[in-house]
1. Quickly run through region 39-53 and pick out the residues that are at pLDDT below 65 and not in a loop (DSSP other than H, G, I, E, B).
2. Scan (1) on the phi > 0 side of the Ramachandran plot; (2) modelled with pLDDT of 95 or more for the single condition residue 56 breaks and write down its number.
């Protein structure tokens, strides 16, 4: 019978010294654009996140919860 090892918990580390990079155009992203989708598929719910340079979609969110600044 195989034994299961416990994985270490995943932690989030705040890194204000790094700037994310767009996975499509590889441009540094000091800001990311977001907007509420419109039309039959979005119906105004949630948000679409996209690159301000190439405008490709990087993700969707059902609701926006800002992270604490502390």
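1. Hits for region 39-53 are 41, 42.
2. Of everything listed in (1) on the phi > 0 side of the Ramachandran plot; (2) modelled with pLDDT of 95 or more, residue 56 misses just condition (1).
The values are calculated or read from the model by the stated rules, or taken from the named source; none is laboratory data. Quantities reported herein were computed from a predicted structural model and do not represent experimental measurements.
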